[in-house]
1. Quick check, is R61 of a type in the set (K, R) and within 27 Å of L89 (Cα to Cα)?
2. Among the residues of segment 63-86, are any surrounded by 10 or more Cβ atoms within 10 Å (Cβ to Cβ), at pLDDT 95 or above and in a loop (DSSP other than H, G, I, E, B)?
3. Hey, Y51 hits all of (1) farther than 22 Å from Q37 by Cβ; (2) touching an Asp or Glu at 6+ places or on another chain (Cβ under 9 Å) but one; which does it fall short on?
4. In the set D20, D5, which member is loosely packed, with under 11 Cβ neighbours inside 10 Å, free of Cβ contacts under 8 Å to residues at least 12 places away in the same chain and not in a loop (DSSP other than H, G, I, E, B)?
5. Across segment 36-58, what is the number of residues that are in contact with a strand residue (DSSP E or B) (Cβ under 6 Å, 6 or more places away or on another chain) and either of a type outside the set (A, V, I, L, M) or part of a loop (DSSP other than H, G, I, E, B) (or both)?
Amino acid sequence: MNKFDIIKELSKQKGLSEKDAQTIITTMIEEITQALQLGDRVEFRGFGVFYTKTRDERPARNPKTGEKIFATKKNIPHFRMSKLLYEFLNK
């Protein structure tokens, strides 16, 4: 399932136009992205939590040349599913 499929399903189930459903989904994605960029957690009870972890600067190497470099500090997005979703998936 991709974003377009979710938009079609939302519009069908809730009687919305596809344009309105697209606006809703796009707004949700933008808000989640913005919250993660600011370092906040985004929690959907019964589904899971989106959050970021900081990966510190570390030694690495360029796989093409073998040259030693330092990978910069960066934030990595993570998702932890809820216990309810885990149990539902593993029935």
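The values are calculated or read from the model by the stated rules, or taken from the named source; none is laboratory data. None of the values given here were measured: they were computed from a predicted structure. Note: ideal-geometry Cβ built from the backbone for every residue, glycine included; neighbour counts use all protein chains shown.
1. Values: of a type in the set (K, R): yes; within 27 Å of L89 (Cα to Cα): no.
The answer is no for R61.
2. For segment 63-86, residues surrounded by 10 or more Cβ atoms within 10 Å (Cβ to Cβ), at pLDDT 95 or above and in a loop (DSSP other than H, G, I, E, B): present.
3. Condition not satisfied by Y51: (1).
4. Working: D20 fails: loosely packed, with under 11 Cβ neighbours inside 10 Å.
Just a single option satisfies the conditions, and that option is D5.
5. Quick first cut of segment 36-58, residues in contact with a strand residue (DSSP E or B) (Cβ under 6 Å, 6 or more places away or on another chain) only: 36, 41-43, 48-55, 57-58.
The next check asks that each one be either of a type outside the set (A, V, I, L, M) or part of a loop (DSSP other than H, G, I, E, B) (or both); those that pass are 41, 43, 48, 50-55, 57-58.
Residues flagged as in contact with a strand residue (DSSP E or B) (Cβ under 6 Å, 6 or more places away or on another chain) and either of a type outside the set (A, V, I, L, M) or part of a loop (DSSP other than H, G, I, E, B) (or both) within segment 36-58 amount to 11.
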